[in-house]
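What follows is one structure encoded as structure tokens, with my remarks underneath.
The values are calculated or read from the model by the stated rules, or taken from the named source; none is laboratory data. Owing to the predicted nature of the structure, the values given are computational and were not obtained by experimental measurement. Cβ placement follows ideal geometry from the backbone for every residue including glycine, while neighbour counts extend to all protein chains displayed. All accessible areas refer to the heavy atoms of the entire protein, side chains included, with ligands and DNA or RNA removed. Shrake-Rupley method; radii C 1.70, N 1.55, O 1.52, S 1.80 Å.
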Amino acid sequence: MEDNDWKLLKIIEISMKNHEWVPIQDLRRKTGFHEKEIVFRLGRLNKFKFTNKSNYGYRLSHWGYDALAMNAFIKKELIAGIGGKVGVGKEGDVYHVLLTNHREAVLKFHQLGRTCFSMGKRYREYLANKRHISWLYASRLTAAREFEVLNMLFPVVKVPEPIEQNRHAIIMGKLHGEELKRVNLLEINVDPEEFFWKLMVEVKKTYKLGIIHGDLSEFNILIDSEGDFVIIDWPQAIEVGKKGKLDKLPFEEVEYDEEFYLKRDIENVVRYFKKYGIDKDIDKLYNYVIGDITSENI
Ligand SMILES: Nc1ncnc2c1ncn2[C@@H]1O[C@H](COP(=O)(O)OP(=O)(O)OP(=O)(O)O)[C@@H](O)[C@H]1O
Ligand SMILES: [Mg+2]
Ligand SMILES: [Mg+2]
């Protein structure tokens, strides 16, 4: 890829605001390239599968979008290398990356439509003005949202450190661990009761900062062999006191119920701990999280 290939790809990206398929004449005009150069570069972008072609013109592919985000991280001299996928067989596109400062991190590409999520007023207003919203903008917004939530929580709550966001991709700190789902706490000498309360403390701190996870479960808690942990996967997080929720495309606004989501999060955690013989009352835990009551008699 040469600079002019990137330039053309970016112009296709921008033109997708107004087109499903960007006509070749538009691309010629916007790039100022000669007919020959356009044809040559489009041929290359297509060969790399960074674009798709139809009778109506060209459009950016998922791979092209990924490439633009990656290129931005590389241009910023942030990423030194990219490794394999994290968590084999996962739906989510999360990769190991090495940063130029020699730190290991993870890169998460957001794809729209897998989970529902809620967003703030700013996004709703933005979306209201965008009749032809596409996966491109939607996945960018979910990434921006997750990055924003991580920034609100880190480092008070145990979440991955937010490092950078570009388009639909975020780079965040890596925990060398596994999903709680796949770990036996007793094997790593972690006391389940103690760990349960550590999690509840994080849920409470999160709530105090005005956030409810909304998809909390043993799949979104990572724990390492030392018992250190982080809570991940925040794009659908709900802001306490903010009304209205955006669901999947076409982003219809529906009422949501904070109590419902918070209780569901708590319930998911409680359900997981049952196998360790721990049984807790959801209502009492809910009051613990939202109120000032102590954990002593729960
Ligand atoms: N900061 C991190 N450090 C280490 N591994 C991570 C990190 N973030 C994500 N992962 C791994 O990638 C997987 C997917 O991440 P995450 O849950 O954020 O994405 P998702 O696409 O929303 O997935 P899901 O389909 O579960 O909703 C995690 O289950 C975990 O194995
Ligand atoms: Mg997840
Ligand atoms: Mg998720």
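Which residue out of S225, S217 is away from ligand 1 (no atom under 12 Å from the Cβ) and of a type in the set (G, A, S)?
Only one candidate qualifies: S225.
Could you please give the count of residues in the stretch 277-289 that are open to solvent by less than 70 Å² (accessible area, probe 1.4 Å) and in a helix (DSSP H, G or I)?
5
The rows are residues; the columns are (1) in a helix (DSSP H, G or I); (2) within 30 Å of A67 (Cβ to Cβ); (3) more than 16 Å from ligand 1 (Cβ to nearest atom).
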| site | (1), (2), (3) |
| --- | --- |
| I163 | no, yes, no |
| I171 | no, yes, no |
| H176 | no, yes, no |
| N184 | no, no, yes |
| E187 | no, no, yes |
| F195 | yes, no, yes |
| E202 | yes, no, no |
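Can you name the strands (runs of 3 or more DSSP E) wholly within the stretch 7-115 that have at least 3 residues being open to solvent by 40 Å² or more (accessible area, probe 1.4 Å), without any contact (Cβ under 8 Å) to a residue 40 or more places away in the chain and not assigned by TED's automatic domain parsing to the domain that holds W234?
Filter on the stretch 7-115 gives 79-85.
Within the stretch 196-224, track down each residue that is more than 15 Å from the chain's Cα centre (by Cα), within 16 Å of ligand 3 (Cβ to nearest atom) and open to solvent by 10 Å² or more (accessible area, probe 1.4 Å).
Hits for the stretch 196-224 are S217, E218, L222.
Taking the criterion of being within 16 Å of ligand 2 (Cβ to nearest atom) and either out of contact with any strand residue (DSSP E or B) (no Cβ under 8 Å at 6 or more places or on another chain) or not assigned by TED's automatic domain parsing to the domain that holds L285 (or both), would at least one residue in the stretch 182-198 satisfy it?
yes
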